[in-house]
1. For a quick protection proxy, order the peptides 124-134, 300-310, 368-378 by their average other-Cβ count within 10 Å, most packed first.
2. Checking the table Lys187/Lys334; Lys167/Lys249; Lys42/Lys71; Lys42/Lys151; Lys315/Lys380 against a 28 Å threshold on Cα-Cα, which pairs fail?
3. Put one equal scatterer on each alpha carbon of the stretch 166-324, apply the Debye formula with no solvent term, and list log10 I(q)/I(0) at q = 0.12, 0.15 1/Å to two decimals.
4. Over the Cα atoms, compute the radius of gyration (one decimal) and Dmax (the largest Cα-Cα distance, rounded to a whole number) for the stretch 252-336, in Å.
5. Please give the solvent-accessible surface of Ser414 in Å², to the nearest 10, using a probe radius of 1.4 Å with every protein chain present.
6. What figure in square angstrom, to the nearest 10, would you give for the accessible area of Phe467 with a 1.4 Å probe?
7. Roughly to the nearest percent, how much of the accessible area of the chain is carbon and sulfur, given a 1.4 Å probe?
8. If each residue of separation counts as 0.36 nm, what is the full-extension length gain between Asp318 and Glu404 once their alpha-carbon separation is subtracted?
Amino acid sequence: MASSTATAQIGVTGLAVMGSNIARNFARNGYTVALHNRSVAKTDALLAAHGNDGSFVRTETIEEFVGALEKPRRVLIMVKAGEATDAVIEELAGAMEPGDIIIDGGNALYTDTIRREAAMAARGLNFVGAGISGGEEGALNGPAIMPGGPKESYESLGPLLESIAAKVDGVPCCTHIGPDGSGHFVKMVHNGIEYADMQLIGEAYHLLRDALGLGAGEIADVFTGWNSGELESYLVEITAQVLQQTDAKTGQPLVDVIVDAAEQKGTGRWTVKSALDLGVPVTGIAEAVFARALSGSRAQRKAAQGLASGTLAEKPTDTAQFTEDIRRALYASKIVAYAQGFDQIAAGSTEYDWDLHPGDLATIWRGGCIIRARFLDRIKEAYEQNPALPSLILAPYFREAIEEAVDSWRRVVSAAVRLGIPVPAFASSLSYYDALRAERLPAALTQGQRDYFGAHTYERTDAEGKFHTLWSGDRSEVSAE
Ligand code: 6PG
């Protein structure tokens, strides 16, 4: 529907906090932004509070909204992922024209995005599933943006997105990720890594608290110190902030009055489900998802309180040494979590034929997003040196970093086990590392067992082909080809 009053370069529909902040970010960057929300009260509230941020066009109906946009029209949907997204897309698609672009900036499931992209393409519309990370603050001041969808749409959309994205060394934290659902897939794995990173930080905190007996304020200082070294990251920085916070009501550290049951909106769980389908061992992410579930099993946990912890508890005596051990264990486990996430991205890329570039992702995750961290520069370099790296932990820099940390890592995991402090992500990351570097795994025995009970066959180390032992016969071996 053409309109002579079409003045806006971008439209945003869904003006809750994230949508409002992104709209303001566009306006502050000089774009005229058409605003739309199901209830116009939110639009008016935004205009009343921040109308001076730049140039906005207030609209009430979808027709008015679409009519306010320059062609090709670009509309960013910022509604809660799920059915609401389908309803808004349908409404917009009905009012738009071939060549227009619909961008879904929510945390949509990537398979939904694949479906939606195909449906819109059939109607001549460009559908871009864009992962946006950085929370409310990032949305306003510079998020990391992971747009998928047709490459042609990025020509028209890219400059706008890049101008509102965070910048690191002048490089925008936004790039075209790949076709259809790849942007949301990559954002999903980002969130999975976020879960793993948060769980690892939580385990470090637990050890500092219960193995070393440090208080919240002292632990905050430890994290502040860590944040000036190789662990420097947004999540470590905010950990110190949270631990420093005093509860106004009780005078206690806030962390001590927050219920210890972690919630989730589901992107971590999606990451693990997808990893199971792809056959990628994202053990750190999986442990993080399960740890949240366990923490939330309140009745079961209450019933289990007082169960025996055994008699092997042995507290570390050298606080400074053990704190340094925890730091190294955290760093090594974190490398594993990112390595596993990048493996999943590579597997997704192969499965869906997306041609994703891990180095590009490391580049755009350096700023704006929740998992931004100093060591992403090293990840970027590792993939620049070898785009076909079999695993991040094999890059020379990370290989050495783990080599330096490995004794500390083992000391921390063994101390935690003896003390009865749960460290599922530290321990599983270490086991993953040990499994990956093992010359012989017990999987040979698994294959033998499978062949015994189900004639599932096995391969031999010294010959090509598949074999089967006649277990219930004379136990000779036959070729199973
Ligand atoms: C981001 C975050 C964001 C989401 C968190 C919370 O990148 O900005 O990932 O998308 O708010 O992931 O997710 P949970 O509620 O599942 O912890």
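1. Most protected by this proxy first, the peptides run 124-134, 368-378, 300-310.
2. As for pairs spanning more than 28 Å Cα to Cα, those are Lys167/Lys249; Lys42/Lys151; Lys315/Lys380.
3. -0.72, -1.06
4. Calculated on Cα positions, Rg and Dmax stand at 16.9, 45 Å.
5. Spelled out: Ser414, probe radius 1.4 Å, area about 60 Å².
6. Probe radius 1.4 Å; accessible area of Phe467 about 30 Å².
7. Carbon-and-sulfur percentage of accessible area, whole number: 52.
8. Value of the extension gain: 29.0 nm.
The values are calculated or read from the model by the stated rules, or taken from the named source; none is laboratory data. For clarity, every value in this text was computed on a predicted model and none was experimentally measured. Cβ sites come from the backbone with ideal geometry, for glycine too, and all protein chains shown count toward neighbours. Just so you know, the surface numbers come from the protein's heavy atoms only, side chains and all, with ligands and any DNA or RNA stripped out. Shrake-Rupley method; radii C 1.70, N 1.55, O 1.52, S 1.80 Å.
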